[in-house]
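**Student:** I have a structure I would like to understand better, so I am pasting it below and will then ask my questions one at a time.
The values are calculated or read from the model by the stated rules, or taken from the named source; none is laboratory data. This is a predicted model, so every value here is computed, not measured. Because the Cβ atoms are built from the backbone with ideal geometry, glycine has one as well, and the counts that use them run over all protein chains shown. Side chains are part of the model used for accessible areas, which takes the heavy atoms of the whole protein and leaves out ligands, DNA and RNA. Shrake-Rupley method; radii C 1.70, N 1.55, O 1.52, S 1.80 Å.
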Amino acid sequence: MRHFWMTALVAATLGLYAGEYTLDTTHSSVGFSIKHLGISNVKGYFGKFHGSYVLDEKSNILKALKGEVEVASIDTKEPKRDDHLRSADFFDVAKFPKMTFEMTKYQGKGKRGKVFGNLTIKGVTKPVVFYADIGGSAVDPWGNQKSSLSLTGEINRKDFGLNWNKLLETGGFVVGDKVKIIIELEGNAQ
């Protein structure tokens, strides 16, 4: 009987520290930045996405993370550019409406670490690494348990079949190959 109570106590204690969260999309963002004409950065966001993660709040270790983005929700503040990005020249949202990410491993100590996982864009899956910054957890004024994390990384868009470009008369290209990814996540405890 004593073994039962010890097991129950350990399980209850672990439950206090390891939490599963679903994304609070009103307090989260999935964004990117890419070079335009080789001289400036254009930023954009995806307005529709969902996902979940498991965070060990005692050790600040991310145990799991997965997410899905509706690519047609892209917004760069220029409707014609957004339509071009949705076309077969880029994301081809008619054939590939979603992109996904699923974590395979986490390395880190304290509030900083690396998230390794598989990113799928336009039907192509590649391993990627994001730098993670665990924001911690809190209870909001309405009694809801929340936590947050930030992810940053960089991919080469051509690795995922996003190859369209135009050569400039002065040399260089309209669109850069490297895409910086900036993700801010806030989760609601389940």
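**Student:** Condition check: surrounded by 15 or more Cβ atoms within 10 Å (Cβ to Cβ), out of contact with any Lys or Arg (no Cβ under 9 Å at 6 or more places or on another chain) and under 22 Å from LYS48 (Cα atoms). Does ILE183 satisfy that?
**Tutor:** It is true that ILE183 is surrounded by 15 or more Cβ atoms within 10 Å (Cβ to Cβ), out of contact with any Lys or Arg (no Cβ under 9 Å at 6 or more places or on another chain) and under 22 Å from LYS48 (Cα atoms).
**Student:** Ok, one more. Between a first residue in the stretch 146-164 that is farther than 30 Å from GLU57 by Cα and a second residue that is outside any strand (DSSP E or B) and of a type in the set (A, V, I, L, M, F, W, C), which pairs have beta carbons less than 8 Å apart while being 6 or more apart in sequence or on different chains?
**Tutor:** Going by the 8 Å Cβ cut-off, the qualifying pairs are LEU162/PHE90; LEU162/PHE91; TRP164/PHE90.
**Student:** Which members of the stretch 43-87 meet the condition of being under 15 Å from the mean Cα position of the chain (by Cα), of a type in the set (D, E, K, R) and assigned to a loop (DSSP other than H, G, I, E, B)?
**Tutor:** Selection gives LYS48 alone.
**Student:** If a residue must be in a strand (DSSP E or B) and open to solvent by 70 Å² or more (accessible area, probe 1.4 Å), how many such residues does the stretch 88-104 contain?
**Tutor:** Looking only at that region, the number is 3.
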